[in-house]
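Undergrad: Dumping the structure here so I can ask a few things about it.
We did not get these values from a lab; they are worked out from the coordinates using the rules stated. Being a predicted model, the structure only gives us computed values, none of them experimental. Cβ: placed from backbone, ideal geometry, glycine included. Neighbour counts: every protein chain shown.
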Amino acid sequence: MNCRDWEERIALYVGGDLAASEAAEVERHVADCAGCQVFASGLKQSLELLREAHQEPLAAAHFAAVRARVLAELAGERRAWWRRAWVYGLAAAAAVALLVAFAVRPGHAPQPRRPEIMGQAGRPTPPEPKVQVAEAAAQPKPVHRRPQGRTGSRQAAPPVLGARVEPVMVKLETDDPDVVIYWIAEIRGDAK
Amino acid sequence: MKALAFLATVGPMDGDRSSAIAAAQAGDLAAFELLMRQHERMVLVTALRLLGNLEDAQDASQEVFLRLYRNLRKVESASNVAGWLYRVTVNICHDLRRRRPRPVALDEIAEPAAAGPDPQRSATEAERRSVLELSLRMLSEKERAALVLRDLEGLSTEEVARALGSSEATVRSQVSKARVKVREFVERYFRRHV
């Protein structure tokens, strides 16, 4: 085997990176090979030199500078966090205060508009003919019921005897000027 | 006050390191500072070996510790803080090298703690530092990281593999190639300078 082939194993051997069996093999070769002895010795010396240089202490100021920079950055982050928390907290409190103030302000609470009665729709109903109450009571008319086919459909209540029905138009104005609701209703009451 | 009391009770033991982590997780900056002090040499020196200049190494260390603070919940125990820090240091140095590729002059090599009273000895130490920096510069990025963690920081091959995210076989191959290259460089250097 060429000594070049031993280089990698000798390099691992000097660093203690070989298993016992491999290390013994390398030791046997190095004992018999002058060139590899020089090579191994050079490896050990150079590693020793590097380790010694690596162990030299650095000036304490170099470490202190890093520490100071890290702590300053962390303290700055904390200050920024608290500042943000204050701003967001104050903004939220102000928003809540505004909402409360607006809600309790007299006359400013959002209320539905009262419907405005525009007047009677169509022509006034002619006076109802007198109802023969006594006769009606004596001879009850047969009740005409509508077929109950559909469920849920509203049925108009039968006119109350003796009541006056007046159609009225109710105008509901919304906040949106383009939306006006007209509602035609009937006012029921006793004919007087 | 709480932080001062904590600092007074915490020592370098592992249990205390766990306490430091727990206190830092709760937002105690003094406890986090203690945690930094316990690991700062490891992080800064590793970054210095990987990057080759002090300024970048300090930037990398700063980023490592900020990341540690933001990921304290992931670092569950004191025993895996070191492993986590090595992995993050290697990654951050890798990113920094990509962002700031620049050759480093020898005079940028960090000064030791204090110049010794013996000028002969100081000169030897300065030369040794130069050899270390220059020989690391001869290596590829992966060989360099493997050699720094295995031979200079003394991690096991398994730990190096975990930090670098590669297999142990790959690490062994990188380490052996790096050792051979360093030996060649050191021999050439002393042949030229002595």
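Undergrad: Residues of the stretch B:154-182 with backbone nitrogen within less than 15 Å of a virtual label 7 Å along the Cα-to-Cβ line of residue B:140, please, listed as ranges.
TA: Only B:166-167, B:169-182 fall inside the zone, counting backbone N under 15 Å.
Undergrad: In addition: Need the C-alpha centroid separation for the stretch B:23-70 versus the stretch A:1-66, integer Å.
TA: A separation of 30 Å, based on Cα centres.
Undergrad: Where does the charge balance sit around residue A:77 when Lys and Arg score +1, Asp and Glu -1, over other residues with C-beta under 12 Å from its C-beta?
TA: +4
Undergrad: How charged is the neighbourhood of residue A:91? Take every other residue with its Cβ under 13 Å from the Cβ of residue A:91, and add Lys/Arg as +1 and Asp/Glu as -1.
TA: +2
Undergrad: Using a basic spin-label model with each label point 7 Å from the Cα along Cα→Cβ, how many nm lie between residue B:124 and residue A:179?
TA: With each label placed 7 Å out from Cα toward Cβ, I get 9.6 nm.
Undergrad: Around residue B:156, under 10 Å between beta carbons, what's the net of Lys plus Arg minus Asp minus Glu among the other residues?
TA: Net local charge, residue B:156 excluded: -2.
Undergrad: Taking neighbour counts of Cβ atoms within 10 Å as a proxy for exposure, in what order, fewest first, do B:140, B:61, A:21, B:18 appear?
TA: A:21, B:140, B:18, B:61
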